[in-house]
Amino acid sequence: MTTITKLPDPPAGGTKKAGTSAPVRNGRGIGDLKMALVFIFPAMIGFVVFFLIPTIRGIYLSFTEYSILGDPTWIGLENYTSIFTDELFWNSMAVTVQYVAINIGFQTVIALGLALLMHRVAKSTFIRGALLLPFLVANVIVALLWFWMLDYQLGIVNEIISWTGLPRIAFFGSEQWAIPTIAAVNVWRHMGYTALLIFAGLQAIPQHVYEVASLDGASPARTFWGITIPLLRPVLVLVLVVTVIGSFQVFDTVAVTTAGGPINASRVIQMYIYQKAFTESDFGYASALSVILFVILALVAFIQMKFLKGNESDLD
Amino acid sequence: MKKSIGAVAAAAAIALSLSACGGSAPASTEAKGEINYWLWDANQLPAYQQCADDFTKANPDIKVKVTQRGWDDYWTTLTNGFVAGTAPDVFTNHLAKYPEFATKKQLLALDDAVKNDKLDLEIYNKGLTDLWVTEDGKRYGLPKDWDTIALFYNKKLIADAGYTEEQLKGLDWNPQDGGSYEKAIAHLTVDKNGKRGDEAGFDKNNVAVYGLGLENSGGGDGQTQWSFLSATLGWTHTDKNPWGKEFNYDDPKFQETIAWWSGLADKGYMPKLETTVGASVADNFGAGKAAINTNGSWMIGQYTSYKGVETGIAPTPKGPDGKRASMFNGLADSIWAGTKNPAASVKWVEYLSSTACQDVVASKAVVFPAISTSSEKAAKAFADKGIDVSAFTTHVKDETTFLFPIADNSAKVTGIMKPAMDAVLSGKKPASSLSQANDQVNALFK
């Protein structure tokens, strides 16, 4: 009933707008806002239910002692003060930063190289598609696949290494190798996808800029540093922001391979949070760790956007 | 959400006490509907499915839905179920986990059931029922099975080394030179050039077959790794068991055991810890990379099923006083406090812990049931399959078992002890560094 009675309203409003010229813009603005809200509404539900409420609750829990069974008790800043004296927290931050540095460093350089190859050389859709294949395999499967191939005693990689007469390598088992190995596995999985993003950015660079450069006799290296990189910057920044944040949150590969070991050599921050929450039932402490990670990631994203001018283009 | 759990739990408790007041006969009138039952070991699923079918045949009003989940999933899903109100009515419980569940009031005490249905607790192997009584005297589980530790060995590698199986069954050990146990392990180790571990020119950096396999550092309990050695010296994990309040990782007896054990890796007789991340210790044994593995009786099925490997089982070595030792661990079935069907759940748990079900489990030859007569049947069922399990049962017969350490904070103890033990075993720190870890552990109980 209500819908039927309300239906004639918008046309009536419409005729009013047509009457005078000045209120038209206001009327249309409000009408757009309503319409916009209708379209945003479904996404807002998802945002509020799955992001906003859990985030606020997580921040609340970080000030409590909470074991999931039972009620949280407010303990103020105690979780935060103990985190700063927690050796394992600082260790996990160091390990995570090491991982991010190796992972992002190699991934970005390799992806850029692949994107250039896709742009200039490999024009076949098949080859371009094949680059994306590792990304289509689930993270856990990729991790397990490499876990078995790199196994010390039975893995095929170590079999090949020992045929060549070199000593076997405990890829996941030794403290020196664990993080580089995990980083390499994830580079392998993500480089094709990252390359695809950069490739899209390369295609957006107008061809005539290159033509002018070649008329001026610029060398390929000079063209790359003088034209490709500056014009690619907004895309590169976006890619970096997204991959760095993703990289900080590495968890699944660690969880199914080393589970934080050997000793604490691959206990990345997400692994430590998981351990505190789900194996030691210390959800308050884990929430406080998560809040700290959240703040760090927000800062990293902000700095990258600010200093690399990710929201401006040199094309204008 | 939490309130509703409390309400359900309260209702369940009331319902149970009411049914209990009415005596055992009227209780059965309410016992109907479907109950959910969880376990983690896929090898045991067929046995318990048959128990469930038999149970429903005898009690047509009660249906039992059996669900199996892998070990890691099992505990997170269970905890989430407690919070969300979807946990199973009855589930297989572990000694390392149940103290916390009991403290958090997630388990239904079974004292009334034991009293009213006049359950005989003497039918179980000695000690198993006591494991499930908390400090306040409440019983939270009825025992279903037990396990001990033994040496699995590769018959061919033993014969190649000139050892007889009889010799392997009579090894002795001490923390100073490792006794005949270390001699056997050394002799069974073979390097790439075919030199044995106790021969001159043995290349410890290129070992083809290790004398002893390594699973992991064993964390805080060392159930299958070192506890059967340290216990022969009279060492115990805690000041008392169950419900110890102080751990003894600073004891020289413990530290010299660990020092001897990690020394095997330096000598090349056992793989280095860093090489154990990956394929399981049992799979490496199956691939012929180790001659001896120490493992629990729940692994019998896996160790005897590797193609091309003939596996024998020997008891753990005797200690300096001539006695063996093995950790004695037992599982039990517990009822979730939030069950909507406590009467039927109690009935099912009673059936699970009865000879009717445990004989079925015994006949499948997968584990040793908790009831003494049923575990004898299981030993016979293993023998019928051609597997001699006396290495495991001898500990029970000679009463050389000691109980799995039951204490609060077990997850946190593991969180401290695993990295600490890893550090010692990988040679990063001396065994004396475990005293510091011990301080951290004991601080949890202050």
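The values are calculated or read from the model by the stated rules, or taken from the named source; none is laboratory data. Since the structure is predicted, the reported quantities are computational estimates derived from the model, not experimental observations. As a convention, Cβ positions derive from the backbone with ideal geometry for all residues, glycine included, and neighbour counts pool all protein chains shown. Just so you know, the surface numbers come from the protein's heavy atoms only, side chains and all, with ligands and any DNA or RNA stripped out. Shrake-Rupley method; radii C 1.70, N 1.55, O 1.52, S 1.80 Å.
Computed quantities for the displayed model
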read-out: Subset of region A:156-188 that is outside any helix (DSSP H, G or I) and either touching a residue at least 12 places away in the same chain (Cβ under 8 Å) or polar (S, T, N, Q) (or both) - its residue that is surrounded by the fewest Cβ atoms within 10 Å (Cβ to Cβ); value: A:T164
read-out: Residue among A:W163, A:W177 that is modelled with pLDDT under 90 and within 30 Å of B:A279 (Cβ to Cβ); value: A:W163
read-out: Check on A:Y285, within 14 Å of chain B (Cβ to nearest Cβ), in a helix (DSSP H, G or I) and touching a strand residue (DSSP E or B) at 6+ places or on another chain (Cβ under 9 Å); value: yes
read-out: Residue satisfying all of: in region B:27-37; at pLDDT 85 or above and open to solvent by 20 Å² or more (accessible area, probe 1.4 Å); farthest from the chain's Cα centre (by Cα) among these; value: B:G33
read-out: Single match in A:G260, A:G217 (criterion: part of a loop (DSSP other than H, G, I, E, B) and within 14 Å of another protein chain (Cβ to nearest Cβ)); value: A:G260
read-out: Identity of the residue in region B:378-412, over 17 Å from the mean Cα position of the chain (by Cα) and within 14 Å of chain A (Cβ to nearest Cβ), that ends up surrounded by the fewest Cβ atoms within 10 Å (Cβ to Cβ); value: B:N409
read-out: Flag if B:S262 is open to solvent by less than 10 Å² (accessible area, probe 1.4 Å) and either within 14 Å of another protein chain (Cβ to nearest Cβ) or under 23 Å from B:P405 (Cα atoms) (or both); value: no
read-out: Residues located in region A:65-98, provided they are out of contact with any Phe, Trp or Tyr (no Cβ under 6 Å at 6 or more places or on another chain), β-branched (V, I, T), open to solvent by less than 50 Å² (accessible area, probe 1.4 Å) and within 14 Å of chain B (Cβ to nearest Cβ); value: A:V95
read-out: Count of residues meeting criterion [basic (K, R), without any contact (Cβ under 8 Å) to a residue 60 or more places away in the chain and closer than 16 Å to B:K340 by Cα] in region B:28-85; value: 2
read-out: Criterion: surrounded by 15 or more Cβ atoms within 10 Å (Cβ to Cβ) and either at pLDDT 95 or above or part of a helix (DSSP H, G or I) (or both) - qualifying residue of A:A101, A:A115, A:A130; value: A:A115
read-out: Lone qualifier among B:N248, B:N216, B:N241 - being within 14 Å of chain A (Cβ to nearest Cβ), open to solvent by 10 Å² or more (accessible area, probe 1.4 Å) and not charged (D, E, K, R); value: B:N216
read-out: Residue identified as more than 14 Å from every other protein chain (Cβ to nearest Cβ) and either over 25 Å from B:S374 (Cα atoms) or open to solvent by less than 10 Å² (accessible area, probe 1.4 Å) (or both) among B:A87, B:A159; value: B:A159
read-out: Odd one out for A:M271, checked against (1) assigned to a helix (DSSP H, G or I); (2) within 14 Å of chain B (Cβ to nearest Cβ); (3) open to solvent by 20 Å² or more (accessible area, probe 1.4 Å); value: (3)
read-out: Total residues in region B:318-366, condition surrounded by 22 or more Cβ atoms within 10 Å (Cβ to Cβ) and in a helix (DSSP H, G or I); value: 13
read-out: Criterion: within 12 Å of chain B (Cβ to nearest Cβ) and of a type in the set (D, E, K, R) - qualifying residue of A:R120, A:R128, A:R168; value: A:R168
read-out: Residue, farthest from B:D266 (Cα to Cα), within region B:418-431, restricted to residues that are in contact (Cβ under 8 Å) with a residue 40 or more places away in the chain and out of contact with any helix residue (DSSP H, G or I) (no Cβ under 6 Å at 6 or more places or on another chain); value: B:K418
read-out: Residue that is farthest from A:F278 (Cα to Cα), among those in region B:107-128 that are open to solvent by less than 30 Å² (accessible area, probe 1.4 Å), modelled with pLDDT under 90 and in a loop (DSSP other than H, G, I, E, B); value: B:N125
read-out: Candidates A:V295, A:V237 - the one that is of a type in the set (A, V, I, L, M) and either crowded, with 18+ Cβ neighbours inside 10 Å or assigned to a loop (DSSP other than H, G, I, E, B) (or both); value: A:V237
read-out: Pick from region B:219-233, criterion touching a Lys or Arg at 6+ places or on another chain (Cβ under 7 Å) and closer than 18 Å to B:H395 by Cβ, ranking: farthest from the other protein chains (Cβ to nearest Cβ); value: B:T232
read-out: Extreme residue, nearest to B:G244 (Cα to Cα), among residues of region B:413-429 that are buried (at least 21 other Cβ atoms within 10 Å of the Cβ) and more than 9 Å from chain A (Cβ to nearest Cβ); value: B:V413
